[in-house]
């Protein structure tokens, strides 16, 4: 399966416009300064200084992978509501944030600059949270996807996944026995298959729900529990991951330079964090929120066959069949 991203759409954005060279300089300067002078512990300190304890703990976990301030009740609520994966930085976070950063900046500075800036910022971000295997794997997957766009070449999802699997297995064959290994690839496939050239107001909500459907069976096999409210919880909160991550990084960085401005940005995230806690604790406290279930391989295969069937039948995903990146196939 291939996705074509034509070169002309990038070349017209390449830095020939007035101020294009200045934008490139600013991109590299910002990335260099952030990498050189800012560390994770300082950013976490800014977050706890400007937000209430529970909201600060949630942001520190979501954005920087800090797990030192979660209480047992909070962990239990997130597990029962099926969103335990958002409490730490994972491959899914990297995928959603990378995609969200590039797609949002593309309309402001051009797709080529947005992709380059996205590469730089995600590398800095990974340096903060640690080059853990799930994060590296997700970064490699998304790098191939956007590198194909930079070159104006067709992106073959199957070949990309096979290439990354070979790299990871050759580096350490034990990844084949890690659940996060499969979660990253499933999340990546779900994001790419749901790629839309024109973003609608509901795009983030749909993308969040779509990704959660692909992750659900693996999470059930991993924890032995099926959260009956997981699709609903993911639908209402997963789209906020990239927004909170960007606000957390931006607020933390500016909080070290201009404390008042950093505080304002972090307080913009407060209602979002509070909203997540209310949704998760409200749904997670329901007596029927989760049930123990044995999800075997037959159920797993059947679940994904249904999703693939829906993918082909739904007209919104005709780009998948036509092989064109975000461009629907014309009807006769």
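None of the figures in this text is laboratory data; all of them are computed from the coordinates on show. Note that the structure is predicted; figures quoted are calculated from it, not measured. Don't worry about glycine lacking a Cβ; one is built from the backbone with ideal geometry, like all the others, and counts go over all protein chains shown.
Structural remarks
- Classified by the C-alpha gyration tensor, segment 38-190 has an oblate form. Its axis ratio a/c, with a ≥ b ≥ c, is 1.5 or above, and a/b does not exceed b/c.
- The largest-to-smallest principal axis extents of the Cα set in segment 42-292 are 49, 46, 37 Å.
- Between the C-alpha center of segment 107-140 and that of segment 67-89 there is a gap of 25 Å.
- Exposure proxy for 144, 273: other Cβ atoms within 10 Å of each Cβ, ordered fewest to most, give 144, 273.
- Listed from fewest to most Cβ neighbours within 10 Å, the set 310, 145, 270, 239 follows the order 310, 270, 239, 145.
- Prolate/oblate/rounded label for segment 24-103 (Cα gyration tensor, a/c 1.5): oblate
- Order of 59, 74, 121 - criterion: other Cβ atoms within 10 Å of each residue's Cβ, fewest first: 74, 121, 59
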